[in-house]
Amino acid sequence: MAGFNITKILDLLSSKPVIRYIIYSSSTIFFFALILIPPMLGILLKWDLMGQVFEDPNLTSRATSAISASFLIAIFVSVVDLVAGLPMAWFIVRGRTRLLSIIDTLADLPFIVPTVTLGYSLLLFWSDPKAGGISSLFGSSLVSPGWLLVILLHFTFSYPVVVRVIVGALQDYNYMYEEASKTLGAASLTAARTVTLPILKPSIIASFILALARSLSETGATVMVADTFENGPIFINNTRVAGQEGPMVLVSLILILVSAAIFAVIRILGPRLKMPIKRIWPNTERVLSNSGIVTTRNSVSIAIFLVLVLIPSLFVAFPAVSAIASSTFSDALGGVGVWQGYWQSLGLSYFIGIIVTLLNVIVGLPMAVLIARKRMGKVLPVILDILVNVPLIVPSIALGASLSIFWRNFAFIPEIGLLIFAHLSITYPYFVRAMAAAIERIDIELENASKILGAKPFTLFKTIILPLTKYSLFAGAIMMFARSVDETGATLAVTTLKTAPVLLVDWVRRKVPATSLEIGLGCAFLITFSFVVLLVLRLIVRGRGRY
Amino acid sequence: MPEVKVINVSKKFGGGKIVAVDNVSLQIQDKEYFSLLGPSGCGKTTLLRLIAGLLQPDEGEIYIEGKLVNNVPPEDRDIGFVFQTYALFPHMDVWNNVTYGPRVKAWNEERSERIGREMLEMVRLYERTDAFPHELSGGMMQRVALSRALATGSKLLLLDEPLGSLDAKIRFELRNELRRLVKDLELTAIHVTHDQGEAMAISDRIAVMRKGKILQVGTPQELYMNPKHIFVANFIGESNFLEGHVEEVDKETTIELRREVFVQISDITKKKGERVILMIRPETFVIEKGRKKKMNSLYGHIERLRFEGTNIRYEVRLENEDSIEVSRPTLVGEWFNVNDEVTVSFPPDKSYVFTYPSKGLREELAVE
């Protein structure tokens with residue numbers, strides 16, 4: 001049998017240390033050469049241009065306020081995410097009602113639904129008095145495009161991330177500790193504050209970092225709702241369009257450095273951060289634990305979720321549904337007018353998404369094994385474990401800007417190649433991190449048992465590691481795909497090619513004359529396809545059980 | 001004084017499909033060391049958690065110190081609880097674990113410190129106050145868990161398989177220590193275990209549970225000497241079961257075993273003709289070489305033997321094809337070899353007779 005022979009050959013090859021060495025080192029080289037170095041190096045190539053900013057006081061003040069706006073908004077929004085998200089996550093896990101499991105599923109959506117569609121939806125809800133949203137109650141725009149709408153937007157897309165992560169952590173949490181605390185006389189709130197939260201601290205910090213990173217990086221939707229307001233990514237985009245390379249490079253560099261510094265500080269100080277658990281106020285905390293207060297807290301959590309997250313996010317459905325009843329729908333399906341460009345963009349987005357996902361799965365798998373199983377010496381895996389996160393925390397438009405400067409030196413690379421490189425960098429950490437974590441969870445004794453029973457490295461990988469990490473592999477791949485389809489900042493920075501989110505930004509900003517029905521329908525198509533992707537993921541996971 | 005009363009309590013899981021505790025009533029006296037004993041899944045831990053308030057009963061009432069506590073949350077029941085895996089807070093050192101109770105009860109600092117020190121000295125861990133749980137051995141963690149549970153000053157101590165995850169030797173040491181402590185501090189203790197040896201050694205009284213029901217409550221001696229249920233007879237100590245039927249009831253009961261082997265027992269509660277199971281403990285038998293004519297003699301040969309240290313265990317194949325196990329102290333009397341012809345006998349008052357279970361013997365003794 002041919003299959004048998006191939007397995008045999010691969011087993012034979014994988015038994016040779018040289019081959020394994022080659023696989024791990026090529027994966028490492030790929031990471032440095034294509035993922036990590038280009039985005040870091042590009043900016044430095046334009047070192048000499050950076051002074052330009054200071055020649056123009058107006059530009060200097062714009063740059064300063066854009067940078068501070070980025071970090072202030074990110075930190076503010078992430079803190080609010082935690083304050084609002086923790087009680088909600090608590091309610092979802094401990095409330096145990098059917099409604100809550102639906103909310104739990106809804107919390108998955110932001111991972112899949114493109115942020116640009118969210119941006120347009122919020123624009124309709126908060127700012128468009130004619131769209132039937134909250135503004136129509138006032139007859140004028142309740143929240144005009146600008147910094148406040150940017151904050152609302154960032155809260156809307158980062159809050160579910162925090163909820164998702166904490167819900168996961170709470171589900172894994174051993175409830176016994178809280179029970180122990182109660183048998184010792186602690187009120188519910190005291191038990192949660194002094195026992196559960198400190199134990200969940202790593203997950204809380206992780207969710208904070210994710211929210212922070214998303215807020216710092218988001219470009220497409222922010223551009224839609226910002227009007228003349230500038231944060232870091234918008235400033236980079238504006239200077240890029242205006243051809244002011246010096247300010248663009250400088251702000252990119254600062255965003256990258258400050259982001260890296262913030263994440264390093266959180267990573268180093270986070271574990272040492274002591275939660276205030278020494279002091280206990282038994283009577284106050286007992287009062288705050290009573291069911292009336294808990295009900296109020298839960299109601300407020302639900303209200304925040306509905307008013308600030310769910311309803312604004314779904315609002316894009318109104319123009320979409322009206323569009324289906326109108327001629328816009330048939331135009332869209334026929335590819336008439338603006339729709340020709342739309343379908344091309346969507347095709348491009350999915351094409352890039354698929355290529356990037358496949359490439360990263362191939363080169364990311366050995367990297368995940370290397371990190372999880374500490375191959376290639378003791379030091380390298382630890383360093384790589386930290387470095388793979390870098391593209392995650394760097395604002396994607398800054399990463400794209402730097403990347404495009406770097407690759408421009410290689411004129412033979414077509415624009416679509418740049419696009420692929422940029423998306424490779426941005427999506428890489430999502431997959432490698434998920435896979436490495438999944439492999440780490442496999443008991444090493446299972447691998448040992450397999451080896452003792454005679455499995456060669458390839459067979460071991462095929463029969464033990466792959467089946468046990470299948471879920472993470474699919475999930476990681478789909479996250480990567482979704483992230484690539486959603487990515488706007490880096491795409492804007494490296495190419496003039498229009499991917500779907502870039503096109504939608506153009507439509508909303510009236511660069512291309514599109515009606516609100518058309519924009520709504522465009523968003524709806526994108527969401528629908530994302531939904532199908534999510535559904536496929538769920539079916540895969542359900543069909544094959546946990547593994 | 002903590003006296004615990006459980007009245008007609010039931011608890012179901014899985015939408016009522018699994019009855020974990022089935023209409024159980026129980027009374028535990030003040031200062032009593034009480035064990036809930038049974039195979040895994042019998043509902044003993046559920047019952048303990050109901051008493052602690054970690055679970056709510058579907059039916060029935062639970063009283064602690066005469067007060068109905070059904071609607072009292074665990075934090076207000078004034079109990080000490082030791083978890084099977086200890087549940088020591090991983091982010092707190094030994095000292096903060098032990099003084100957690102006094103702190104959440106807002107005792108003044110001096111009192112908290114004094115109690116913490118007393119508790120840790122009592123379990124001989126005062127030098128390890130700075131250690132974190134992951135730095136301790138299993139036995140130490142167990143002792144910290146115990147002192148943490150007692151530091152709240154509670155007089156009712158609930159223990160969920162507290163010795164279950166320890167090595168055999170330490171388990172033996174700690175169970176003696178545990179009983180001494182409970183008695184010295186005049187506590188009421190409810191101890192859940194699946195280990196009958198542990199329950200026998202540590203308890204004043206034991207409730208044997210199976211499938212959510214309590215089969216028998218009694219002192220260790222009562223359960224051993226006078227089991228009321230065939231499952232209890234099997235679960236407490238060891239037993240041989242021989243099938244037969246009642247041939248004659250007079251001053252004694254004559255039972256016919258297989259192939260017309262007749263034995264006499266003192267129990268005269270069964271009716272003539274009734275199908276029964278005769279239960280005799282392995283250590284009850286007298287075993288002699290050759291064919292001796294005595295009361296209640298059974299003849300056979302040694303089929304196998306196992307040396308167990310303190311005892312030697314013989315598997316004897318009787319002439320009627322029944323097989324029995326006989327256990328003799330190693331250092332008393334003579335030893336036998338495989339294939340030796342032997343006579344095995346037992347006194348009429350040290351054997352028990354049970355009505356043959358309607359679902360069959362195997363089903364009645366099943367522990368799962």
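Among the conditions (1) surrounded by fewer than 23 Cβ atoms within 10 Å (Cβ to Cβ); (2) more than 19 Å from residue A:476 (Cβ to Cβ); (3) modelled with pLDDT under 90, residue A:394 misses just one, which is (1).
Are any of the residues in segment A:69-86 in a helix (DSSP H, G or I) and either farther than 30 Å from residue A:303 by Cβ or outside the structural domain of residue A:152 (by TED's automatic domain parsing) (or both)? No - not one qualifying residue is present in segment A:69-86. Only one of the listed residues (B:82, B:123, B:94) is in contact with a helix residue (DSSP H, G or I) (Cβ under 6 Å, 6 or more places away or on another chain) and within 13 Å of chain A (Cβ to nearest Cβ). That residue is B:82. The single condition among (1) within 30 Å of residue B:117 (Cα to Cα); (2) more than 14 Å from chain A (Cβ to nearest Cβ); (3) more than 23 Å from the chain's Cα centre (by Cα); (4) basic (Lys, Arg) that residue B:31 does not satisfy is (3). None of A:330, A:345 is surrounded by fewer than 23 Cβ atoms within 10 Å (Cβ to Cβ) and without any contact (Cβ under 8 Å) to a residue 60 or more places away in the chain except A:330.
Within segment A:134-154, not a single residue is free of Cβ contacts under 8 Å to residues at least 40 places away in the same chain, part of a helix (DSSP H, G or I), within 14 Å of chain B (Cβ to nearest Cβ) and touching a Pro at 6+ places or on another chain (Cβ under 8 Å).
A single entry from A:128, A:172 fulfils the requirement of being at pLDDT below 85 and under 30 Å from residue B:72 (Cα atoms): A:172. Of all the residues in segment B:332-368, those that are of a type in the set (Gly, Ala, Ser) and either in a strand (DSSP E or B) or on the phi > 0 side of the Ramachandran plot (or both) number 4. For residue A:531, indicate whether it is under 20 Å from the mean Cα position of the chain (by Cα), touching a residue at least 40 places away in the same chain (Cβ under 8 Å) and part of a helix (DSSP H, G or I). Spelling it out, residue A:531 is indeed under 20 Å from the mean Cα position of the chain (by Cα), touching a residue at least 40 places away in the same chain (Cβ under 8 Å) and part of a helix (DSSP H, G or I). Note on segment B:255-286: residues that are loosely packed, with under 15 Cβ neighbours inside 10 Å, of a type outside the set (Lys, Arg) and touching an Asp or Glu at 6+ places or on another chain (Cβ under 9 Å) total 4. Output yes when any residue across segment B:66-81 is in a loop (DSSP other than H, G, I, E, B), hydrophobic (A, V, I, L, M, F, W, C), in contact with a Pro (Cβ under 7 Å, 6 or more places away or on another chain) and surrounded by fewer than 20 Cβ atoms within 10 Å (Cβ to Cβ), and no when none is. Looking for residues that are in a loop (DSSP other than H, G, I, E, B), hydrophobic (A, V, I, L, M, F, W, C), in contact with a Pro (Cβ under 7 Å, 6 or more places away or on another chain) and surrounded by fewer than 20 Cβ atoms within 10 Å (Cβ to Cβ), one finds none in segment B:66-81, hence no.
Can you tell me which residue in segment B:169-212 is farthest from residue B:120 (Cα to Cα), limited to those that are among the basic types (Lys, Arg) and surrounded by 16 or more Cβ atoms within 10 Å (Cβ to Cβ)? Checked segment B:169-212; the qualifying residue farthest from residue B:120 (Cα to Cα) is B:211. If you go through segment A:289-322 and keep only what is farther than 30 Å from residue A:188 by Cα and within 30 Å of the chain's Cα centre (by Cα), you end up with A:311, A:312, A:313, A:314, A:315, A:316, A:317, A:318, A:319, A:320, A:321.
Every residue, every condition in (1) touching a Gly at 6+ places or on another chain (Cβ under 9 Å); (2) over 30 Å from residue A:218 (Cβ atoms); (3) assigned by TED's automatic domain parsing to the domain that holds residue A:489; (4) not β-branched (Val, Ile, Thr), yes or no:
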| residue | (1), (2), (3), (4) |
| --- | --- |
| A:369 | no, yes, yes, no |
| A:380 | no, yes, yes, yes |
| A:389 | no, no, yes, yes |
| A:396 | yes, no, yes, yes |
| A:420 | no, no, yes, no |
| A:431 | yes, no, yes, yes |
| A:463 | no, yes, yes, no |
| A:471 | yes, no, yes, yes |
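Annotation note: of B:112, B:147, the sole residue that is under 21 Å from residue B:189 (Cβ atoms) and either assigned by TED's automatic domain parsing to the domain that holds residue B:50 or surrounded by fewer than 16 Cβ atoms within 10 Å (Cβ to Cβ) (or both) is B:147. Counting only helices (runs of 4 or more DSSP H) that sit completely within segment A:1-50, those holding 3 or more residues that are within 24 Å of the chain's Cα centre (by Cα) correspond to A:17-30, A:37-45.
Would you confirm, using the coordinates I've provided, whether residue B:30 is part of a loop (DSSP other than H, G, I, E, B) and not hydrophobic (A, V, I, L, M, F, W, C)? It is true that residue B:30 is part of a loop (DSSP other than H, G, I, E, B) and not hydrophobic (A, V, I, L, M, F, W, C).
Just one residue in the set B:261, B:286, B:208 is under 27 Å from residue B:150 (Cα atoms) and either aromatic (Phe, Trp, Tyr) or touching a residue at least 40 places away in the same chain (Cβ under 8 Å) (or both); that residue is B:208.
A quick yes/no check of all residues on (1) assigned to a loop (DSSP other than H, G, I, E, B); (2) surrounded by 16 or more Cβ atoms within 10 Å (Cβ to Cβ); (3) more than 14 Å from every other protein chain (Cβ to nearest Cβ):
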| site | (1), (2), (3) |
| --- | --- |
| B:16 | yes, no, yes |
| B:21 | no, yes, yes |
| B:26 | no, yes, yes |
| B:35 | no, yes, yes |
| B:41 | yes, yes, yes |
| B:50 | no, yes, no |
| B:57 | yes, yes, yes |
| B:62 | no, yes, yes |
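Taking segment A:155-192, which residues are touching a residue at least 12 places away in the same chain (Cβ under 8 Å), within 14 Å of chain B (Cβ to nearest Cβ), polar (S, T, N, Q) and surrounded by fewer than 24 Cβ atoms within 10 Å (Cβ to Cβ)? Residue satisfying the conditions is A:188 alone. When the residues of segment A:240-276 are filtered to those that are within 14 Å of chain B (Cβ to nearest Cβ) and under 30 Å from residue A:385 (Cβ atoms), the one that is surrounded by the fewest Cβ atoms within 10 Å (Cβ to Cβ) is A:272. For segment A:308-327, the set of residues classified as part of a helix (DSSP H, G or I), in contact (Cβ under 8 Å) with a residue 12 or more places away in the chain and hydroxyl-bearing (Ser, Thr, Tyr) consists of A:313, A:322, listed by residue number.
The set of residues in segment B:228-248 being buried (at least 16 other Cβ atoms within 10 Å of the Cβ) and within 11 Å of residue B:353 (Cβ to Cβ) consists of B:230, B:233, B:241, B:242, B:244, B:246. Which of (1) buried (at least 16 other Cβ atoms within 10 Å of the Cβ); (2) free of Cβ contacts under 8 Å to residues at least 24 places away in the same chain is the odd one out, the single condition residue B:325 does not satisfy? It is condition (2) that residue B:325 fails. For segment B:56-68, check the following and say yes or no: at least one residue is out of contact with any Ser or Thr (no Cβ under 9 Å at 6 or more places or on another chain), farther than 21 Å from residue B:211 by Cα and either at pLDDT below 90 or aliphatic (A, V, I, L, M) (or both). Yes, the conditions are met somewhere in segment B:56-68. Restricting B:131, B:106 to those that are hydrophobic (A, V, I, L, M, F, W, C) and on the phi > 0 side of the Ramachandran plot reduces the list to B:106.
The values are calculated or read from the model by the stated rules, or taken from the named source; none is laboratory data. A quick note: this is a predicted structure, and the numbers were derived from the prediction, not measured. Ideal geometry is used to build each Cβ from the backbone, glycine not excepted, and the neighbour counts take in all protein chains shown.
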